[in-house]
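What follows is a short report on a single structure.
Taken together, the values in this text are just the output of simple stated rules run on the coordinates, not laboratory data. All values reported here derive from a predicted model rather than from experimental measurement. Using ideal geometry, Cβ is built from the backbone for each residue, glycine included, and neighbour counts are taken over all protein chains shown.
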Amino acid sequence: MRDLVCHVKKSKVKSGWVILMKISLLAMGLAALIPVQLHAQGIEPGTYSGSRGWYHPKGDCAAYYPLQVHIDYNRISFSSDGRYWSGTINMATGELYIPDTGVTPPTRYSISIIGHYRNATMRSDYCGEGYFRLD
């Protein structure tokens with residue numbers, strides 16, 4: 001079997017991080033640059049449309065809430081259902097976190113949003129599990 005050597009180099013681009021891998025097959029003397037995208041769905045500051053909702057709605061836990069979300073240098077915020085939601089977002093990776101302490105006025109039960117902005121998970125001790133997505 002032939003030896004495979006892999007050299008990894010990070011390169012910052014507007015849409016996020018791209019990993020460039022130089023693969024050398026030593027026995028054959030071949031080399032190539034292959035772009036591989038890993039979480040290359042970072043996000044720029046701005047206002048975005050999106051939605052959130054609960055997978056198994058009950059009571060006042062709806063399946064769908066339309067959103068206008070503001071992102072400004074590692075901060076994410078929006079108003080929905082009479083509350084202001086605020087948390088952090090990694091601009092390079094798109095990973096976000098909104099803890100229950102970021103919801104005003106506070107809810108009676110614990111609630112949070114965590115994950116990538118295209119498909120984050122909402123969790124609530126009252127409403128169960130749901131989704132958060134930006135278009």
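Considering every Cα-Cα pair within the range 46-134, what fraction, in whole percent, is farther apart than 18 Å? Tail of P(r) above 18 Å: 34 percent of Cα pairs. Using θ = phi - 60° in the Karplus curve 6.51 cos²θ - 1.76 cosθ + 1.60, the 3J(HN,Hα) couplings for the range 62-78 round to 7, 6, 8, 10, x, 9, 10, 10, 9, 10, 9, 6, 6, 10, 10, 8, 6 Hz; x is entered for Gly and Pro. Taking 7 Å steps out from each Cα toward its Cβ at residue 92 and residue 126 produces label points 3.9 nm apart. In this structure, residue 63 and residue 101 have a Cβ-Cβ separation that, at R0 = 22 Å, corresponds to a calculated FRET efficiency of about 0.30.
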